[in-house]
Amino acid sequence: MNRFTKLLLASAALCAVTILPARAEIDVNSLKAAIETSVEADYPKLDALYKDIHAHPEIAFQEEKTASKLAAEMRALGFEVTEKVGKTGLVAIYKNGDGPTIMVRTELDALPMEEKTGLSYASHDKTIWQGRETFVAHNCGHDIHMASWVGTAKTLVGLKDRWQGTLMFIAQPAEETVSGAKAMLADGLFTRFKKPDYGFALHDGPFAYGTISYRVGIGSSNSDSLAIKFHGRGGHGATPQATIDPVMIAARFIVDVQSVISREKDPTEFGVVSIGAIHGGTAENIIPDDVLLLGTIRTFKPEVRAKMLAGIERTAKAAAAMSDAPAPEIKITEGAKAVMNDPGVVATAEKVLKAAFGDKLRPSPPGTPSEDFSEFINAGVPSMFFNIGVYEPERVAAAREGTGPWPPSNHSPLFAPVPKPTIETGVEAMTLAVLSTFDQHANGK
Ligand SMILES: [Zn+2]
Ligand SMILES: [Zn+2]
C-alpha cells in the first residue's frame, strides 16, 4: 500500500465515521424538532377532530359524515380531494414538484359494538347494520389514525420546502370487514389516480405511547371467514330419536376442529380458527332443523392456510356424517391477505425513525390480526405498515411486571387510547417515514 492509498483510505474512513452520520443526525434532529413544533401548535384542532370522530363513529361503508369531515380538512390544506372512491372512500392529492408519489392510508370505519369507556367523548350512537340495530364505537382506534393522518398532511405541507413529489392521502372505508381496500381499487384507485411508488399505514395497539413497533416481511395474517350450516331434522326435545340434532353436531364440530390446529398443522407455524357466532334454535324443548356457525381462520403462510381449510372442511363433513345428517353447507370466503412489508422501504424509514425515537422504535414479531392494507401492497405498492402504542408507559410496565392488569386491547369495549401522546407519535413517525422516503429517492441512494 503506497502513501497516497493510505491517505485516501484514512480520509474515506474519516468521512464514513464522522462527516456522514453527523450530517444525517443533524437532519433528523432538526426535522424532528420542526415536526414537534408543528404538531404541538396544531394539536388543539387535531384533538377536537379526534373527539368529534370518536363520539360520532360510522360503520363500514356508512362513513359519509366522517369522510366529509376529512375532505374538508384536506381541502383546507390545499389537497385536491375526490370523494366517494369505493363508496365512501376519499383520495387527497398534493403535488409539490418532481418526485415519487407516496401514499398514506387511514381507515374510516368503526365497529358494531357498545363503548363502555365512560369517557366524556364516548360514543352513544347507534345504527342499523346487517338488518339489526347496533351501537357503534371506534374501539379499534381508527379515529386515532384519522387524526394522525390529518396531522401528518398538515405537517408535510408545512415542510414542503424539504421534499419534492406527490402526496396521495387516502381514507379507506370498511377495513373491519376487509372490503374497503378492494372497493377503492375496483373503483379505479390506481387507474383514475396515479399508482403510488410507495405506501405507508399505521395502526394503534395496547402498548406504551411514544413507542413504535415494526417488522420486515410478514406483518399481519391471512384472514378467511367461515360459515357452516349444519342441517338436521327438527322435532321435540323429549324425543330426540325422531330427530337429527344439528346443535349436537355443531357442538362436536366446534370442539373437534381445534384438533386441526393442534394435530394437523405444524406446531411451529401460526394458524388459528375461532368460532365467533352460533345461530340455532328458538326454545328449550325444540330441536331445530339447522344451526349456523360463523368463524374466522387466520394464518401467515399459504401452505398452512391450505392445510387448515382442508382440515376444517373434512371435520365439518365428518361431524355431520357421525349423526347420519345431510352434508353441511360450508362457505369459506377469502378476506385479507397477509401484509408484507417491503425490506427497502422499511430499511429507509428505520434509519430515520431509529435516529428520532431511539430504543422506542422496536422490531416485533408479526401480528395475528388481519389488515386489508395488503390489497394495496399486492397491487404493486412497496410499503411499510407499523404500529404505535396508546397507553401510559407506567401502566404497560406494571402489566408486564405482573403488578397491574393488561390494559384493554383493540375491539374491547374499554379500549381507550390517551389521545395527545398517541396522535403526536403517529404524526411524527409517519411524517419522518414519508420524508425519509422522499429523501432517499432525491439522493438516488
Ligand atoms: Zn379492528
Ligand atoms: Zn383496526
Conditions (1) within 28 Å of Pro44 (Cα to Cα); (2) within 16 Å of ligand 1 (Cβ to nearest atom): number failed by Met168: (2)
Which listed residue is over 30 Å from Ala227 (Cα atoms), within 16 Å of ligand 2 (Cβ to nearest atom), surrounded by fewer than 22 Cβ atoms within 10 Å (Cβ to Cβ) and of a type in the set (Gly, Ala, Ser), from Ala416, Ala399: Ala416
Residue match in the range 335-343 (condition: in contact with a Pro (Cβ under 7 Å, 6 or more places away or on another chain), surrounded by 17 or more Cβ atoms within 10 Å (Cβ to Cβ) and not aliphatic (A, V, I, L, M)): yes
Verdict on Ser213 being within 16 Å of ligand 1 (Cβ to nearest atom) and more than 24 Å from Ala55 (Cβ to Cβ): no
Single match in Val136, Val178 (criterion: among the β-branched types (Val, Ile, Thr) and open to solvent by 10 Å² or more (accessible area, probe 1.4 Å)): Val178
Residue check, Arg215 basic (Lys, Arg), in contact with a Gly (Cβ under 8 Å, 6 or more places away or on another chain) and modelled with pLDDT under 95: no
Selection count where residues are more than 16 Å from ligand 2 (Cβ to nearest atom), part of a strand (DSSP E or B) and in contact with a Gly (Cβ under 8 Å, 6 or more places away or on another chain), scope the range 139-185: 2
Contacts under 8 angstrom Cβ, first residue in the range 106-118 being small (Gly, Ala, Ser), partner at pLDDT below 95 and assigned to a loop (DSSP other than H, G, I, E, B), 6 or more apart: Ala110/Glu176
Sole residue being touching a Pro at 6+ places or on another chain (Cβ under 7 Å) and in contact (Cβ under 8 Å) with a residue 12 or more places away in the chain, chosen from Ala277, Ala316, Ala355, Ala349: Ala316
Qualifying residues in the range 101-116 (those that are within 15 Å of ligand 1 (Cβ to nearest atom) and not aliphatic (A, V, I, L, M)) - the one farthest from Phe61 (Cα to Cα): Glu115
Candidate set from the range 273-325 (those that are among the charged types (D, E, K, R) and within 18 Å of Ala227 (Cβ to Cβ)); member that is farthest from the chain's Cα centre (by Cα): Asp289
The listed residue being within 16 Å of ligand 1 (Cβ to nearest atom), open to solvent by 10 Å² or more (accessible area, probe 1.4 Å) and hydroxyl-bearing (Ser, Thr, Tyr), out of Ser370, Ser364, Ser374: Ser370
Every residue from the range 72-100 that is touching a residue at least 40 places away in the same chain (Cβ under 8 Å), open to solvent by 10 Å² or more (accessible area, probe 1.4 Å) and part of a strand (DSSP E or B): Thr82, Ile93, Tyr94, Lys95, Asn96
Among (1) more than 22 Å from Ala171 (Cβ to Cβ); (2) out of contact with any strand residue (DSSP E or B) (no Cβ under 6 Å at 6 or more places or on another chain), the one test that Lys126 misses: (2)
Any chance Ala110 is within 13 Å of ligand 2 (Cβ to nearest atom) and in contact with a His (Cβ under 6 Å, 6 or more places away or on another chain): yes
Odd one out for Pro417, checked against (1) out of contact with any Pro (no Cβ under 8 Å at 6 or more places or on another chain); (2) over 25 Å from Thr117 (Cβ atoms); (3) modelled with pLDDT of 95 or more: (2)
Test for Ala67: is it at pLDDT 95 or above, surrounded by fewer than 19 Cβ atoms within 10 Å (Cβ to Cβ) and touching a Ser or Thr at 6+ places or on another chain (Cβ under 7 Å): no
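The values are calculated or read from the model by the stated rules, or taken from the named source; none is laboratory data. Computed from a prediction, not measured in an experiment: that's the story for all the values here. Neighbour counts are summed over all protein chains in view; Cβ atoms, including those assigned to glycine, are modelled from backbone coordinates with ideal geometry. Ligands, DNA and RNA are excluded from the accessible area calculation, which covers all protein heavy atoms including side chains. Shrake-Rupley method; radii C 1.70, N 1.55, O 1.52, S 1.80 Å.
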